[in-house]
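K.L.:
Supplied in structure tokens, the structure appears directly below.
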Amino acid sequence: MSASAPVQQISKTPPVSPAMPEGLAKFLSTCWQWLACFRSIHLAIVLLSCLALGIFIGVVMPQEGLVDPLEIKEQYGSNYRLLKSLGLFNVYSSYWFLALEILFFFNLLCGSFQWLRPAVTSAIQKNFYTADQIQKAKNQVQFTTVLSPDEAISRLKPVLKKHRFGVHTGPENTFENKEAKLFYATKGNFSRIGPCLAHFGILCMLLASVYGAFTGFKAQQLLVPGQDFHLEKPDLFTPNMSTSVWQGSVPNWQVSLKDFRVEYYADRPETPKQFYSDLTVKDADGNVLSEETISVNHPLQLGDMTFYQASFTPTGKLFFEVDGKPQTMTINTEFQGRPISMTAVDADTAANTEKASKELTSLVVFPFFVQQDPGVTENHVRVFLHQGEGFAGAAPGKMPDNLRLSPGETGSLNGKTIRFLKPEIATGLLIKKAPEVFWIYLSFLIISIGTLMCVFSQRQLWLAIQSTTEGTRLYVLHRTNKARASYNRELNKLFPSIHQALQVSNNPLHNPKEAPAV
Amino acid sequence: MTIYSVFSFMNEMQWVHTGMVLLILSLFFNVARVLTKNSLIREAGWGFMALSMISLIISLVLRSEAAEYFALSNMYESMLVLILWMQLAYLVLERWLNLPGFAWPVCLMLLVMLAYDITLPTDINPLQAALQSYWRSIHVPVIILSYALFTLAFVSSVVYLVKDRFHKNNEMDGSGGGGGLRPALPDGLDGALYSHETPYLAVEDSQVRDIYDELTYRCVSLGFPLLLIGIILGGLWANEAWGNYWSWDPKESMSLVTLLGYGVYLHLRVNGEHPPKTLAWVSVIGFILLLVTYFGVNIMGVGLHSYGKIG
């Protein structure tokens with residue numbers, strides 16, 4: 001880019017506020033100088049690259065939160081200790097990644113202060129160049145017209161407004177001992193604020209995350225219908241920070257599960273479509289705070305507490321009726337590595353003698369669950385009878401007598417009527433306290449608006465109109481902060497309009513070199 | 001009468017194949033356009049691209065009708081939407097900028113992408129519970145639109161680098177249509193009086209190739225906020241579905257890496273100390289990161305976004 005001698009602006013704000021005591025101003029100035037390395041855009045580029053590299057390592061290397069640490073240890077063998085000490089298996093909470101984040105925060109903070117003032121000034125202030133400056137600037141076009149200066153101005157303004165420029169009239173000015181009228185036309189000023197907003201949003205987001213880390217928590221609970229639990233004592237409680245520094249609190253609420261159900265696709269019975277938990281939340285005094293059905297993507301929100309439908313899993317309990325009598329079976333043993341249930345069904349009639357135990361009839365149940373057993377499209381059980389010391393109906397080379405029962409089905413095995421009612425399924429709840437969510441979302445909004453504003457560019461025109469011996473002369477200096485080719489395209493449409501409106505008597509004089517940056 | 005019945009004289013895949021044939025025709029005319037300045041050839045290239053896009057839209061509509069949801073849930077569908085966004089962005093850019101040197105590489109890129117896409121599994125699967133949300137129809141298209149713009153930025157960067165390599169500074173782009181970008185006056189005529197029918201301002205100091213630098217910047221500067229907003233929308237959805245707006249899941253993390261990569265590009269540009277050639281290379285690196293995000297993580301098939309797994 002070519003640059004000529006700097007063009008001075010007429011209006012210029014004083015560098016230091018006169019109200020500030022000299023000592024304080026000097027101290028702040030020294031601090032500001034000292035922070036020069038922190039607010040450098042070069043540091044920002046280096047930090048962005050380093051953060052990208054760090055996160056990339058986190059993607060490529062197995063992370064302990066996602067992969068079993070034992071598996072990682074086995075995979076990396078003798079290098080495991082070294083790589084672990086470098087934090088490569090826990091990148092996002094490693095000391096060096098945290099240091100990068102802190103440095104990034106300070107770079108953003110200092111950089112934002114540095115860029116904020118010129119950006120806001122450029123967006124809000126109306127700066128006028130003198131006619132001399134406009135005429136001497138290299139990036140300007142000249143038009144000469146037979147119209148009087150006043151007539152030219154009255155025709156020029158609508159043309160600029162038609163091209164969506166905001167036009168501002170400047171102070172009286174003289175150039176070569178003749179009066180000149182100054183104008184400043186601009187559009188897209190808001191785009192200068194965009195980067196500041198985006199950076200401010202990121203700072204807010206980082207601060208909100210820190211607030212959430214000190215006050216938020218997560219809890220997990222498995223719950224079967226009819227059961228309840230206290231929020232202060234869930235199955236698993238994880239504060240967002242180490243408990244020694246965590247400052248949050250847990251509400252003394254009681255959560256009960258009225259019912260839980262899973263809905264499957266009709267044509268894909270192995271794929272759950274949705275699952276629902278009917279929850280009731282009560283406060284310490286027993287007042288019902290909420291009674292709602294939650295499902296995946298539809299959590300229950302109570303202030304800064306949220307209850308999510310996270311998962312479901314069989315508990316290992318199976319409900320049967322054997323000869324009309326209810327029987328609850330529990331997974332209590334295994335057969336060739338497979339968990340099964342083996343429970344005596346007529347223990348009440350059998351005496352505790354050695355002979356009786358030999359004749360004891362037990363129900364042996366092999367459960368099969370969708371999503372846990374490959375190829376299974378429906379929860380079901382396979383039931384065998386174990387009498388005395390062997391399976392009923394067993395013979396060499398022959399499968400013992402058995403029944404395949406789906407929930408609700410009844411069958412008969414060796415004279416016993418067996419009805420499989422249902423397996424017990426527990427809902428997996430995730431409970432989260434996130435007091436920072438509002439601030440995080442607000443930050444998201446600010447960042448989004450800020451970055452969208454950056455898409456646009458600021459386009460400026462400085463105009464000087466002066467009466468000369470050849471007629472009225474118009475000098476136009478043009479500048480944009482980005483996308484110069486697009487601006488040139490626009491000017492190639494604007495200038496012919498000016499040419500026509502001003503009845504330009506001769507061809508415009510054009511100097512295509514770039515003007516110095518403001 | 002449903003949409004399905006109107007377009008069902010061909011099935012979904014036949015519409016895709018039709019779109020491919022139309023894309024080949026568009027490529028043919030856009031290559032011819034480099035050799036001749038006939039404006040009809042330019043219009044034919046543009047028109048066949050528009051028809052190809054319509055054809056692919058119809059295939060997506062038929063697919064969505066059959067699936068009973070907006071068909072944007074697996075790799076095949078997401079790539080089809082990526083192609084559609086790229087076509088739309090190209091059609092707009094082409095009307096705006098009229099760049100023959102950009103048109104045929106985009107057509108070629110789209111053709112390669114579509115050819116790869118139809119080799120992917122096209123089964124329609126029921127949606128998992130986590131995917132049954134209106135967020136899916138918001139988050140995914142926004143992200144894919146940003147990918148489309150970054151891909152166009154990549155093509156533009158490559159064209160810039162090729163032109164830079166062979167020093168074709170005096171190429172007359174923008175031929176055959178009014179309002180196109182035109183070359184500057186030759187050196188030595190600066191400050192001369194000339195007719196107002198001649199453009200007042202040059203594109204970029206007599207170097208037409210620099211329009212590709214600005215095109216790259218335009219695509220990145222729009223793609224960047226879209227990717228950012230897409231990631232944020234994903235965060236909002238994740239917070240509703242999984243109870244976490246950020247989980248350091250491989251797909252999320254790589255999206256952030258890509259975002260940071262393009263963030264570096266924008267900061268280098270704002271800094272103003274780096275030549276367009278360096279910026280073009282940074283854009284190419286950004287695109288490589290995008291490929292890792294889009295394909296690499298899907299090939300790994302791990303994490304919360306594993307439903308996008310290839311194969």
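K.L.:
Quick one: 3J(HN,Hα) in Hz for region A:383-392, Karplus 6.51/-1.76/1.60 with θ = phi - 60°, rounded, Gly and Pro as x.
P.N.:
10, 10, 10, 10, 10, x, 10, x, 6, 5
K.L.:
So how strong a dipole does the protein assembly as shown carry about its Cα centre when Lys and Arg Cβ are +1 and Asp and Glu Cβ are -1, to the nearest 20 debye? Show your work: numbers first, answer last.
P.N.:
Working: 63 positive and 65 negative charges, 574 e Å.
That gives a dipole near 2760 debye.
K.L.:
Across the residues of A:47-57, average count of Cβ atoms on other protein chains within 10 Å? Could the numbers behind the result be given before it?
P.N.:
Numbers: counts 3, 10, 6, 1, 5, 13, 2, 3, 10, 9, 2.
Rounded to a whole number, the mean comes out at 6.
K.L.:
So, one more: Once you keep just the Cα pairs under 8 angstrom separated by 6 or more residues, what percentage relative contact order results for region A:22-116? Don't jump to the answer; show the numbers that get you there.
P.N.:
Values: 64 pairs, mean separation 40.7, N = 95.
Relative contact order comes out at 43 percent.
K.L.:
Cβ under 9 Å from A:Phe319's Cβ, A:Phe319 left aside: what net charge do those residues give with Lys, Arg +1 and Asp, Glu -1?
P.N.:
Values: positive: A:Lys317, A:Lys422; negative: A:Glu321, A:Glu424.
Once positives and negatives cancel, what remains is 0.
K.L.:
Now, a different point. Under a cut-off of 18 Å between alpha-carbon atoms, report the aspartates and glutamates in cross-link reach of A:Lys178, not counting same-chain residues fewer than 8 places apart.
P.N.:
Hits, sequence-local ones excluded: A:Asp132, A:Asp150, A:Glu151, A:Glu470.
K.L.:
Can you give the angle from 0 to 90° between the axis of helix A:437-454 and the longest principal axis of chain A, with both taken from C-alpha atoms, to the nearest 10?
P.N.:
On a 0 to 90 degree scale, this one is about 40.
K.L.:
Shifting gears a bit: Pairs of Cα atoms under 8 Å, at least six residues apart: use those to get the relative contact order of region B:1-123, whole percent. Please list the in-between numbers first.
P.N.:
Working: 121 pairs, mean separation 39.2, N = 123.
Result for region B:1-123 is 32 percent.
K.L.:
Ok, one more. Pulled fully out, how much extra length does the chain show between A:Arg81 and A:Asn287, if you take 0.36 nm times their separation in residues and subtract their Cα-Cα distance?
P.N.:
Numbers: separation 206, 0.36 × 206 = 74.16 nm, distance 5.31 nm.
Here the answer is 68.8 nm.
K.L.:
To continue, here is another question. Region B:66-96: which GluC sites (Glu not before Pro) are DSSP loop and have at most 11 other beta-carbon atoms within 10 angstrom?
P.N.:
Here the GluC sites (Glu not before Pro) that fit, given the DSSP loop and packing criteria, are B:Glu68.
K.L.:
Of A:Lys218/A:Lys258; A:Lys136/A:Lys181; A:Lys84/A:Lys218; A:Lys162/A:Lys493; A:Lys157/A:Lys181, which pairs sit farther than 19 Å apart, going by alpha carbon to alpha carbon? Could the numbers behind the result be given before it?
P.N.:
Details: A:Lys218/A:Lys258 22 Å; A:Lys136/A:Lys181 16 Å; A:Lys84/A:Lys218 26 Å; A:Lys162/A:Lys493 11 Å; A:Lys157/A:Lys181 13 Å.
Table pairs above 19 Å Cα-Cα are A:Lys218/A:Lys258; A:Lys84/A:Lys218.
K.L.:
While we're looking at this one, here's another question. Taking the number of other C-beta atoms within 10 Å as the exposure measure, put B:Ser137, A:Ser191 in order starting with the fewest.
P.N.:
Values: B:Ser137 12, A:Ser191 20.
Exposure proxy ranking, most exposed first: B:Ser137, A:Ser191.
K.L.:
Oh, and also: Would you mind ranking B:Leu111, B:Leu145, A:Leu463 by Cβ crowding within 10 Å, fewest neighbours first?
P.N.:
On the way: B:Leu111 17, B:Leu145 23, A:Leu463 27.
If I rank by nearby Cβ atoms, fewest first, I get B:Leu111, B:Leu145, A:Leu463.
K.L.:
For region A:316-423, what number of Lys pairs, 8 or more residues apart or on separate chains, have alpha-carbon atoms under 18 Å from each other? It would help to have the intermediate numbers written out before the result.
P.N.:
Working: A:Lys317/A:Lys325; A:Lys317/A:Lys422; A:Lys325/A:Lys416; A:Lys325/A:Lys422.
Lysine pairs meeting both conditions in region A:316-423 amount to 4.
K.L.:
Local charge sum around A:Glu176 (other residues, Cβ-Cβ under 11 Å, Lys/Arg +1, Asp/Glu -1)? Provide the component values of the computation, followed by the final result.
P.N.:
On the way: positive: A:Lys178, A:Arg473; negative: A:Asp132, A:Glu179.
Net local charge, A:Glu176 excluded: 0.
K.L.:
Rounded to a whole number, what is D in µm²/s for region B:62-170 from Stokes-Einstein with the Kirkwood radius over alpha-carbon pairs (10 °C, 1.306 mPa s)?
P.N.:
102 µm²/s
K.L.:
Please tell me the relative contact order of chain A in percent, rounded to the nearest whole number, where contacts are Cα pairs under 8 Å and at least six residues apart.
P.N.:
Relative contact order for chain A comes out at 21 percent.
K.L.:
Just tell me the longest site-free run in chain A, where the sites are GluC sites (Glu not before Pro) in a DSSP loop having at most 11 other beta-carbon atoms within 10 Å.
P.N.:
Working: sites that count: A:Glu176, A:Glu389, A:Glu470.
So the longest stretch without any such site is A:177-388.
No value in this document is a laboratory result; all are computed from the given coordinates. Values in this document were obtained by computation on a predicted structure and should not be read as measured data. Don't worry about glycine lacking a Cβ; one is built from the backbone with ideal geometry, like all the others, and counts go over all protein chains shown.
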